Amino acid sequence: MKGRIFCLWTALLLALTGCAMTPADPDTARESIQVIAMDTAMLITTYGERSPAAAYACEDAIRELEALFSRTDPDSAVSRLNAAGSLELSEEETELAGILRQAGQYYEETGGAFDITVAPVVSAWGFTTDSFQVPAQSELDRLLPLVDGSAVTVEDRAAALGPGQSIDLGAIAKGYAAGRLCTVFNEYDVPRALADLGGNVLAWGDRPDGTPWRVGIQDPAHPDDKEALVGVLELVDAFAVTSGSYQRYFEQDGKRYHHIIDPATGKPADSGLTSVTVVAGTGAGNGAMCDAYSTALFTMGEAKALEFWRSRQNGALFSLVLVTEDGRVVVADQTGRFAFVPSEESGYVYETAS
Ligand code: ADP
Ligand code: MG
């Protein structure tokens, strides 16, 4: 009997020391998961001893936010706000107040180029339901007065819209979610990770070999060829968000209509740009900022976008990669925190703005 206990203890001890002698290597212990949420296929790769738990905590966080922000789920906080025009926020819903405050700030900063109250117009084009159509000018004229981000009011536990208004967080929710992943990574001591939430990338730390994460910027002229890039961003501790006219569109009578709406006209922005990438560090709020700016600057066009970038006095620094319809790639960096490696074979002309 004694011998048997000894044997068991020895086995247990060996197992324990065996574990202790080969701890999970934070550089190689990794977990990759795909999450289908917010109408997007998302890919999250985490490193570190707690990488599996961290990856699934990311999924939980994204699903929680989707349950608040979705426009198609009738039970979401946003749908209930849209239906009733105002909403008391429960304890679990206070994050809606946070994103609405940020959205209000970006509405002001961009002079209305970013405007979540563009929702009725987005729906008129069929982008909410995938039943695409070109709305009549008379319908746009009827809906445009409803597009006014200044009419949204937010308190800590309540939100309200102007009469007849509704909101769409499609241009900020994924970036906001990417920002939320930073909290998860800190909580789970994740040393490095890469999350791609449908064009909203969070590069956390560096790669296991100490080099930056490499994130390709798609060539808008070849959206179906994932290998066709205008260049590669090299990123450490950064968000990079791309908005492009090639990401979601339909064609009618030989004309292409994409999903980034100019709130001034109610029509797909025709600004001479085919994609806008915004890069910033992993500071609080920057994920949502990059997402909102990428959409807003796309509608502004090259000259106004660069003017916006240059005039930035307060707030987080950010950098831009603009791709133009006439075959140029314009890089404007004020963060000093990323390198852009052009794809010379792409045929684009590369310029640096200052
Ligand atoms: P994606 O969702 O493809 O990443 P964006 O971040 O640019 O691209 O968001 C586009 C979505 O945001 C549209 O599908 C629409 O729901 C909404 N939207 C379109 N134009 C605007 C705008 N000017 N301001 C705010 N939201 C917009
Ligand atoms: Mg956006």
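The values are calculated or read from the model by the stated rules, or taken from the named source; none is laboratory data. Note that this is a predicted model, so its numbers are computed, not measured. When we count neighbours, we look across all protein chains shown, and the Cβ atoms used for this are built from the backbone with ideal geometry, even at glycine.
Data table
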| quantity | calculated |
| --- | --- |
| Residue within the range 252-265 that is away from ligand 1 (no atom under 13 Å from the Cβ), farther than 18 Å from Ala173 by Cα and touching a strand residue (DSSP E or B) at 6+ places or on another chain (Cβ under 6 Å) present | yes |
| Residue match in the range 270-284 (condition: at pLDDT below 95, within 13 Å of ligand 2 (Cβ to nearest atom) and in contact with a strand residue (DSSP E or B) (Cβ under 8 Å, 6 or more places away or on another chain)) | no |
| Selected residue (only one of Phe132, Phe127 is away from ligand 2 (no atom under 13 Å from the Cβ), touching a His at 6+ places or on another chain (Cβ under 8 Å) and at negative phi) | Phe127 |
| Positions within the range 279-329 being closer than 30 Å to Leu65 by Cα, within 16 Å of ligand 1 (Cβ to nearest atom) and part of a strand (DSSP E or B), in sequence order | Val279, Ala280, Leu320, Val321, Leu322 |
| Extreme residue, nearest to ligand 2 (Cβ to nearest atom), among residues of the range 229-245 that are at pLDDT 95 or above and not hydrophobic (A, V, I, L, M, F, W, C) | Ser243 |
